[in-house]
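Have a look at the structure below before the remarks.
The values are calculated or read from the model by the stated rules, or taken from the named source; none is laboratory data. As the structure is a computational prediction, the values presented were derived from the model and not from experiment. Counting neighbours? That spans all protein chains shown, and the Cβs are built from the backbone with ideal geometry, glycine included.
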Amino acid sequence: MTRRLRLWVLTAGLLATAALYVAACTDLPAFGGSWHPYGDRAVRAALQQHTANAVSSVNFDQRAFDTLGEETVLFSSVLGTVVLLRRTRGEKRVAPGPAEVPAALRRYGLLVLPVTLLIGLYVIAHGQLSPGGGFQGGVVVATSLHLLYIAVDYKALERIRPLGLFELADGTGEAAYILLGAAGLIAGSAYLANTLPLGTFNTLSSGGTVPLLNAAVGVEVTSAVVVLLAHFLGQALEIESEDGAKDGGREA
Amino acid sequence: MSLLPYLIAGWVFLVGVHGIATSRNLIHAVGCLAVTQSSTYVLLLAVGYRKGATAPVFSDLPVDAPVVDPVVQALALTDVVVGATVTALLLALVVQTAKRHGTVDPDELSELKG
């Protein structure tokens, strides 16, 4: 198929999709309306479970089983990326040298690193109270570690990032979520049921299993992002083909 | 016009699909996929919006305050996570494709290679 013909087929498809979509939209409830049956019920259930952040309550209590699936998607895609980005035949690992970093960048980076780390841990720990949770906080924590790569160099990052340990933590976070679900069964209820005491509304210990599941997800997301970035950085900085070319070397 | 937010979601989707189909660079195609996916965030949040309402977080709100739909927000979170992981996986594939074939133009990747 020539490029021109392909463009025509594409245009026809896009126009037809657009027409059907607009037709479907005219039948949707009006934007901003007050009719949200699921939302109202979810909010009521969240307040009943003493979880101030209704989104966390939906994610880690009412729909906790779906979040297990989501976590597993994350886990398996990290696994897939690790397999894809391994050192293959005809490639070698080189140690990247120390890099020159402007003094201002170094100062600012080292200043911001602990603050970012603390914010990340705060966002994970307060997932049941304020916007945030394990997914968001995990990404912030993982980002804070990589500020060391920007402020100093790759060697410094490697020192605070024992990859084996983070790979282990990735699996541990996933396992912890599954085992916390099983705790519901042991307590005589359903899998992933919120069986812990619900605590006082709007305190750190409220929400029953929500903060625990948040912590498990936080550990997993932190290590998943660290492991992912480690493999991409490894490809960019460490792995090169035997003849020294950065890429496309297998052809030569 | 109360349809506009829904139509914007559709527009973002179509722009993303157009980008993927006409892409001449796999990294660009992965970026376009991310754009396509972000249309679903717009749609989900538009569906959950309620006029005059605030975020569904009750730590500093009276419990009867009008809030937007938390269910679609939770779905959007799932969406973001899956989107990010899919992007990572696809970029890993692009890295290996570039190494093996020496190109990231999808039109030049027509033949099989061992």
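General remarks:
- Boolean, residue B:77 is surrounded by fewer than 18 Cβ atoms within 10 Å (Cβ to Cβ), without any contact (Cβ under 8 Å) to a residue 12 or more places away in the chain and within 9 Å of chain A (Cβ to nearest Cβ): no
- Here B:85, B:103 are screened, and the one residue that is assigned to a loop (DSSP other than H, G, I, E, B) and either more than 7 Å from every other protein chain (Cβ to nearest Cβ) or within 30 Å of residue B:24 (Cα to Cα) (or both) is B:103.
- Within region A:46-64, tally of residues that are touching a helix residue (DSSP H, G or I) at 6+ places or on another chain (Cβ under 6 Å) and farther than 21 Å from residue A:215 by Cα: 0
- Members of region A:82-106 that are under 29 Å from the mean Cα position of the chain (by Cα), outside any loop (DSSP other than H, G, I, E, B) and over 17 Å from residue A:146 (Cβ atoms): A:82, A:83, A:84, A:93
- Restricted to region A:1-31, and to residues there that are among the aliphatic types (A, V, I, L, M) and assigned to a loop (DSSP other than H, G, I, E, B), the residue that is farthest from the other protein chains (Cβ to nearest Cβ) is A:1.
- Qualifying positions in region A:143-171 - within 14 Å of another protein chain (Cβ to nearest Cβ) and either of a type in the set (D, E, K, R) or in contact with a Leu (Cβ under 7 Å, 6 or more places away or on another chain) (or both): A:170
- Within the option set B:95, B:72, being buried (at least 21 other Cβ atoms within 10 Å of the Cβ), modelled with pLDDT of 90 or more and more than 7 Å from chain A (Cβ to nearest Cβ) holds for one residue only, B:72.
- The single condition among (1) more than 13 Å from the chain's Cα centre (by Cα); (2) surrounded by 18 or more Cβ atoms within 10 Å (Cβ to Cβ) that residue B:64 does not satisfy is (2).
- Leading residue by the ranking (farthest from residue B:51 (Cα to Cα)) among those in region A:32-79 that are of a type outside the set (A, V, I, L, M, F, W, C), touching a residue at least 12 places away in the same chain (Cβ under 8 Å) and more than 8 Å from chain B (Cβ to nearest Cβ): A:72
- The requirement of being part of a helix (DSSP H, G or I) and within 11 Å of another protein chain (Cβ to nearest Cβ) is fulfilled nowhere in region B:23-37; no residue meets it.
- Condition broken by residue A:92, with the remaining ones in (1) surrounded by fewer than 17 Cβ atoms within 10 Å (Cβ to Cβ); (2) within 29 Å of residue A:193 (Cβ to Cβ); (3) in contact (Cβ under 8 Å) with a residue 12 or more places away in the chain satisfied: (2)
- Test set (1) touching a residue at least 24 places away in the same chain (Cβ under 8 Å); (2) in a loop (DSSP other than H, G, I, E, B); (3) over 30 Å from residue A:175 (Cα atoms) - residue A:112 fails condition number: (2)
- Selection from region B:40-69 of residues that are within 7 Å of another protein chain (Cβ to nearest Cβ), in a loop (DSSP other than H, G, I, E, B) and among the charged types (D, E, K, R): B:51, B:69
- Subset of region B:1-21 (residues that are at the interface with chain A (Cβ under 7 Å from one of its Cβ atoms) and either of a type in the set (Val, Ile, Thr) or assigned to a loop (DSSP other than H, G, I, E, B) (or both)): B:2, B:3, B:17
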